[in-house]
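Right, one structure below, let's go through it.
The values are calculated or read from the model by the stated rules, or taken from the named source; none is laboratory data. As the structure is a computational prediction, the values presented were derived from the model and not from experiment. Please note: Cβ atoms are built from the backbone with ideal geometry, for glycine as well, and neighbour counts cover all protein chains shown. The area values use the complete protein model at the heavy-atom level, side chains included, leaving out ligands, DNA and RNA. Shrake-Rupley method; radii C 1.70, N 1.55, O 1.52, S 1.80 Å.
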Amino acid sequence: MSLLKVAGTKLVDEKGEEIILRGAGLGGWMNMENFISGYPGCEFQIRAALAETIGAEKSEFFFDKFLEYFFQESDAKFFSNLGLNCIRLPFNYHHFEDDMNPRVLKKSGFKHLDRVIDLCAQYNIYTILDLHTAPGGQNTDWHSDHGGHIANFWNHKDFQDRTIWLWEELAAHYKGNKWIAGYNPLNEPTDPYHTRVIDFYDRVYNAIRAVDSEHALFFDGNTFASDFSHFGDWHKKWENTAYSIHDYSTFGFPAAPEDYVGTESQQRRLRRSYEKKREWMDERGLCVWNGEWGPVYARKQYEGEATEKINEVRYHVLKDQLAIYNKDRLSWSIWLYKDIGFQGMVYVSTKSAYMTKFADFLAKKHRLAIDAWGADVSAVQHVYQPLINHVLEEIPEKFRDLYPAPVWKLSDRVGRLARNILVAEFLVKEWASHFVGMDESQLDDLAKSFVFEECEKREGLNKILTDNATLVKEA
């Protein structure tokens, strides 16, 4: 067995045979996210709050156990049995470097990453390493873990230099590992000038290639992996490189423009959104990887009797997207493998210690629409609409489209700053207060809620993924 390579529009093995990677992202694990595990705000905020509330030692114990239980051999076996062959591994740079001690490698960061890569290899599952959070924040959202809405990664060269350094360390560590399909150097960049992202990609390409000349690279498009329109002829400098889109459809979310029933016009909208993202690659005969996609799902504790009906619609969207992908023999990684019940293939049981303890808090979070991802704002729109109206009345239309518009509409911007940053910040210590008085045994039980054996499976989703996991080889 040898490392996978990019050959034209395809990924191939050492025999030159096409390999189609189909799997999921292990989101919420080494890069925690609020909607995935139920906290408010950003990961750095809850880690600091929990250390302050119960002490650094207990806090570190809980988070380490969380990482341990989140993905184990039973998860790898289940994943493989579904017929899936690749897991994207998002990670946070904080595991490998402290902001107050930059460019000093924390070897402890490899503890769980190595463990999961090795587990996956045992079950013939490829992995793709995804730097989901870079110093300063490479995008405007919560999942780059910087606590604001300005992507300062692009404004300070030192943040970029530190990221280059980290990839040199990672490439040296994983060089020659045949079960790593490649490196995804930067998740969902949002560079408002559209040029710095290309300059950075060229730098990180050369830095990695100086250490590891063999692993494939997967470069996300700008503006949340949707836009390659400024990339020009740069691909000619980058060998063994694929290009990553993230193909979420609004039809798969609570704020869908209309009920999805699969009409010709709706399917055309699905196709056009997807085709527009990959247009630059298709014009040049380049390899495309869909690094994130997938609907979110209703939950009985919130949507009640409408849950099953809503989820059937979401499965319809899923199937129609897969029909498009299958025609193009597209490699993909659905978002996501495991969470607390909103999007995961596997999810924490509502009867678990974690979900029981946080049930009321999670209901409050849902009502206040504290998380941006798939938010239902119906209970709080009356609070924020006056602010939206104020901007509409006072700011001329030509000045309202601030980047990353049009991906962010005005309502999205107000929601990010007012709900997902401001109000969420006030809930961080409330979340941490739930841990007060717990000993290590109780903390262990809480973290163990995420272990595979204690979780539920989203059977409808998993069957659809299995049905589309493999394609017949081309003649």
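Check the range 236-248 and report whether any residue there is free of Cβ contacts under 8 Å to residues at least 24 places away in the same chain and in contact with a helix residue (DSSP H, G or I) (Cβ under 7 Å, 6 or more places away or on another chain).
No - not one qualifying residue is present in the range 236-248.
Inside the range 146-163, can you point out the residues that are within 21 Å of residue 104 (Cβ to Cβ) and open to solvent by 10 Å² or more (accessible area, probe 1.4 Å)?
Of everything in the range 146-163, those that are within 21 Å of residue 104 (Cβ to Cβ) and open to solvent by 10 Å² or more (accessible area, probe 1.4 Å) turn out to be 146, 156, 157, 158, 159, 160, 161, 162.
Where in the range 267-381 are there helices (runs of 4 or more DSSP H), lying wholly inside it, with at least 3 residues that are within 30 Å of residue 77 (Cβ to Cβ)?
In the range 267-381, the matching helices (runs of 4 or more DSSP H) lie at 307-327, 353-368.
Could you tell me whether any residue of the range 326-349 is among the aliphatic types (A, V, I, L, M) and more than 22 Å from the chain's Cα centre (by Cα)?
So far as the range 326-349 goes, no, none of its residues is among the aliphatic types (A, V, I, L, M) and more than 22 Å from the chain's Cα centre (by Cα).
Going by the structure shown, is residue 422 open to solvent by 50 Å² or more (accessible area, probe 1.4 Å) and outside any loop (DSSP other than H, G, I, E, B)?
Judged against the criteria, residue 422 is a match.
Report the residue count in the range 278-319 for those that are over 28 Å from residue 369 (Cβ atoms), surrounded by fewer than 18 Cβ atoms within 10 Å (Cβ to Cβ) and in contact (Cβ under 8 Å) with a residue 60 or more places away in the chain.
The number of residues fulfilling the criteria is 2.
What is the one condition in (1) open to solvent by less than 10 Å² (accessible area, probe 1.4 Å); (2) over 29 Å from residue 16 (Cα atoms); (3) among the polar types (S, T, N, Q) that residue 229 does not satisfy?
All conditions are met except number (1).
Could you say whether any residue in the range 160-170 is of a type in the set (Asp, Glu) and touching a residue at least 12 places away in the same chain (Cβ under 8 Å)?
yes
So which of 472, 383, 407 ends up being of a type in the set (A, V, I, L, M), open to solvent by 60 Å² or more (accessible area, probe 1.4 Å), more than 26 Å from the chain's Cα centre (by Cα) and closer than 30 Å to residue 23 by Cβ?
Being of a type in the set (A, V, I, L, M), open to solvent by 60 Å² or more (accessible area, probe 1.4 Å), more than 26 Å from the chain's Cα centre (by Cα) and closer than 30 Å to residue 23 by Cβ holds for just one of 472, 383, 407, which is 472.
Starting from residues that are charged (D, E, K, R) and within 26 Å of residue 132 (Cα to Cα), keep the ones in the range 7-26 and report whichever is least open to solvent (accessible area, probe 1.4 Å).
22
Residues in the range 235-253: is at least one closer than 27 Å to residue 97 by Cα and open to solvent by 40 Å² or more (accessible area, probe 1.4 Å)?
Looking through the range 235-253, none of the residues is closer than 27 Å to residue 97 by Cα and open to solvent by 40 Å² or more (accessible area, probe 1.4 Å).
For the range 104-139, give me each residue that is touching a residue at least 40 places away in the same chain (Cβ under 8 Å), part of a loop (DSSP other than H, G, I, E, B) and open to solvent by less than 10 Å² (accessible area, probe 1.4 Å).
Once the filter is applied, which keeps residues that are touching a residue at least 40 places away in the same chain (Cβ under 8 Å), part of a loop (DSSP other than H, G, I, E, B) and open to solvent by less than 10 Å² (accessible area, probe 1.4 Å), the range 104-139 yields 125, 134, 135, 138, 139.
Filtering the range 425-469 down to residues that are in a loop (DSSP other than H, G, I, E, B) and under 25 Å from the mean Cα position of the chain (by Cα), which residue is surrounded by the fewest Cβ atoms within 10 Å (Cβ to Cβ)?
469
Results for (1) in a loop (DSSP other than H, G, I, E, B); (2) closer than 28 Å to residue 175 by Cβ; (3) in contact (Cβ under 8 Å) with a residue 12 or more places away in the chain, shown as yes or no for each residue.
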{"residue": "2", "(1), (2), (3)": "yes, yes, yes"}
{"residue": "11", "(1), (2), (3)": "no, yes, yes"}
{"residue": "24", "(1), (2), (3)": "no, yes, yes"}
{"residue": "39", "(1), (2), (3)": "yes, no, yes"}
{"residue": "44", "(1), (2), (3)": "no, no, yes"}
{"residue": "67", "(1), (2), (3)": "no, yes, yes"}
{"residue": "78", "(1), (2), (3)": "no, no, yes"}
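Check residue 142 against each of (1) surrounded by fewer than 23 Cβ atoms within 10 Å (Cβ to Cβ); (2) closer than 30 Å to residue 412 by Cα and name the one condition it does not meet.
(1)
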